[in-house]
Amino acid sequence: MADITVLGAGSWGTALAILLAKKDEHNVLMWEFRKDAAKKLQDERENREFLPDISFPESLQITSELNVAMEASEAILVVIPSQFVRSALTNLKGDHSEKIWIGASKGIETSSLKRMSEVAEEMIGESVHNRYVAFSGPSHAEEVARELPTSVVAACNDLEVAKKVQHWFSNPTFRVYASDDVIGVELGASLKNVVALATGMLDGLGLGDNTRGALLTRGLAEMTRLGVHLGGRPESFAGLSGMGDLITTCVSKHSRNRYVGEQLGLGRTLPDILKSMVMVAEGVETTRAVYHLAQKVGVEMPICDQVYRILFEGIAPEMAVRELMMRSLKVEHEIE
């Protein structure tokens, strides 16, 4: 039995909180930072804003008091947009370094270029290094909430901790694999959103399956190149948090990042697109972080570079495609 607090009541946080609460052995408390929204969730027993028509189990409770949420929990599941994780952790009181931290936020902090486990370690303490579990895979909230078969990976530097989390979450429709490659799993989860933006742009431009297949393949090559350079293992990028999540995010109607890219390909501006969205497309700020991180460590990422130029320098997606196609010719499996 585990007492688990879920930080974040968006669609993914809600889906995971429901999944955990349906297992009778867990006590689950979900934190929503807006007091009025937290009361509404508690009263209505569903998240009509982000995950409508999915009822909460009776055992799932809601609070807007962060430190109340933290008090009794053995584990903290962080499902906050990545750019806000640090500010949320700044408001914690007391010592929470002995808890298990499960990170389901998919992104890289723009200001520091750090992964979420690095942010957690900096804010909570070095002991989190062996108690932080990166949690990712092809797992849209809408489908998890409907109990469609899903598989993800839980990665911790201490494999036994990863296995504990694996058992907490696994059920007949949600299968969790264990890993000890935190770096690879975190980077796969983050980088695939940049490629999803690019895939959406191709869809908006009306380009074909050949183009999409090439983009996914070369996008995965870039993800792997940067990830291995930073200490991840190549097999993680061929796994659930890499190729698995990449495919799902790039083709799914549920993907916010693919949607943003598609709208850009159709000619809308980024501010206009983001203003019309309720949920966060993590790939936008992750693109900014990845662009600067790749430059900092000297890793070539031509697709990510072009996505950055489209988002933040205003070049047309058509021009970005042409520039990618006209790059100097390469040997496929050489390190570029």
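Scan the helices (runs of 4 or more DSSP H) fully inside the stretch 244-308 and keep the ones with 2 or more residues being crowded, with 23+ Cβ neighbours inside 10 Å.
On the way: elements: 245-251, 256-265, 270-275, 282-297.
The helices (runs of 4 or more DSSP H) meeting that bar are 245-251, 256-265, 282-297.
Given the structure, is GLU143 closer than 21 Å to LEU246 by Cα, more than 15 Å from the chain's Cα centre (by Cα) and not in a strand (DSSP E or B)?
Working: closer than 21 Å to LEU246 by Cα: yes; more than 15 Å from the chain's Cα centre (by Cα): yes; not in a strand (DSSP E or B): yes.
In short, yes.
Against the definition (surrounded by 16 or more Cβ atoms within 10 Å (Cβ to Cβ), more than 30 Å from HIS229 (Cα to Cα) and small (Gly, Ala, Ser)), how does ALA189 come out, yes or no? Let's see the steps before the verdict.
Numbers: surrounded by 16 or more Cβ atoms within 10 Å (Cβ to Cβ): yes; more than 30 Å from HIS229 (Cα to Cα): no; small (Gly, Ala, Ser): yes.
It is false that ALA189 is surrounded by 16 or more Cβ atoms within 10 Å (Cβ to Cβ), more than 30 Å from HIS229 (Cα to Cα) and small (Gly, Ala, Ser).
Quick one: which strands (runs of 3 or more DSSP E) lie wholly within the stretch 39-90 and hold at least 3 residues that are touching a residue at least 24 places away in the same chain (Cβ under 8 Å)?
Working: elements: 51-55, 60-63, 75-78.
The strands (runs of 3 or more DSSP E) meeting that bar are 60-63, 75-78.
In the stretch 141-159, what count of residues is obtained for those that are in contact with a Leu (Cβ under 9 Å, 6 or more places away or on another chain) and in contact (Cβ under 8 Å) with a residue 40 or more places away in the chain? Don't jump to the end; show me each part of the working.
Our first condition is that a residue be in contact with a Leu (Cβ under 9 Å, 6 or more places away or on another chain); within the stretch 141-159, this holds for 141-142, 144-145, 147, 151-153.
Now drop any that are not in contact (Cβ under 8 Å) with a residue 40 or more places away in the chain, which leaves 141-142, 144-145, 151-153.
Residues meeting the conditions: 7.
Given (1) β-branched (Val, Ile, Thr); (2) under 30 Å from VAL152 (Cβ atoms); (3) in a helix (DSSP H, G or I), where does VAL321 come up short, assuming only one miss?
Condition (2) is where VAL321 drops out.
Does VAL165 satisfy the condition of being within 19 Å of GLU282 (Cβ to Cβ), at pLDDT 95 or above and surrounded by 19 or more Cβ atoms within 10 Å (Cβ to Cβ)?
Numbers: within 19 Å of GLU282 (Cβ to Cβ): no; at pLDDT 95 or above: yes; surrounded by 19 or more Cβ atoms within 10 Å (Cβ to Cβ): yes.
No.
Considering the stretch 19-33 alone, what residues qualify as being closer than 15 Å to VAL79 by Cβ and not aromatic (Phe, Trp, Tyr)?
Selection gives LEU19, LEU20, ALA21, VAL28, LEU29, MET30, GLU32.
Quick check: is even one residue across the stretch 222-241 in a helix (DSSP H, G or I), of a type in the set (Phe, Trp, Tyr), farther than 28 Å from ALA316 by Cβ and not assigned by TED's automatic domain parsing to the domain that holds PRO302? Before the answer, list the steps.
Our first condition is that a residue be in a helix (DSSP H, G or I); within the stretch 222-241, this holds for 222-229, 234-237, 240-241.
Narrowing further to those that are of a type in the set (Phe, Trp, Tyr): 237.
Going one step further and asking which of them are farther than 28 Å from ALA316 by Cβ, we end up with 237.
From what's left, not assigned by TED's automatic domain parsing to the domain that holds PRO302: none.
For the stretch 222-241, residues in a helix (DSSP H, G or I), of a type in the set (Phe, Trp, Tyr), farther than 28 Å from ALA316 by Cβ and not assigned by TED's automatic domain parsing to the domain that holds PRO302: absent.
Only residues that are part of a helix (DSSP H, G or I) and touching a residue at least 60 places away in the same chain (Cβ under 8 Å): list them for the stretch 160-178, please.
As a first pass, look at the stretch 160-178 and keep what is part of a helix (DSSP H, G or I): 160-169.
Once the filter is applied, which keeps residues that are part of a helix (DSSP H, G or I) and touching a residue at least 60 places away in the same chain (Cβ under 8 Å), the stretch 160-178 yields VAL161, LYS164, VAL165, TRP168, PHE169.
Please specify each residue of the stretch 112-130 satisfying the condition of being in contact with a Gly (Cβ under 8 Å, 6 or more places away or on another chain) and either outside any helix (DSSP H, G or I) or under 19 Å from TYR291 (Cβ atoms) (or both). Write out each step before concluding.
Looking only at the stretch 112-130, we keep the residues that are in contact with a Gly (Cβ under 8 Å, 6 or more places away or on another chain), and these are 116-117, 120.
MET116, the sole residue that qualifies.
May I ask you to list the residues in the stretch 1-33 that are closer than 21 Å to ASN91 by Cα, in contact with a helix residue (DSSP H, G or I) (Cβ under 7 Å, 6 or more places away or on another chain) and not in a strand (DSSP E or B)?
Scanning the stretch 1-33 gives ALA9, GLU32.
Do we have any residue at all in the stretch 37-50 that's under 21 Å from the mean Cα position of the chain (by Cα), of a type in the set (Gly, Ala, Ser) and in the same structural domain as LYS164 (by TED's automatic domain parsing)?
Scanning the stretch 37-50, I find no residue that is under 21 Å from the mean Cα position of the chain (by Cα), of a type in the set (Gly, Ala, Ser) and in the same structural domain as LYS164 (by TED's automatic domain parsing), so the answer is no.
Output the number of the condition that ASP36 fails; it satisfies all remaining conditions of (1) farther than 18 Å from ILE80 by Cβ; (2) crowded, with 18+ Cβ neighbours inside 10 Å.
(2)
The values are calculated or read from the model by the stated rules, or taken from the named source; none is laboratory data. The structure displayed is predicted, hence computed values, not measured ones. Neighbour counts run over all protein chains shown; Cβ positions are idealised from the backbone, glycine included.
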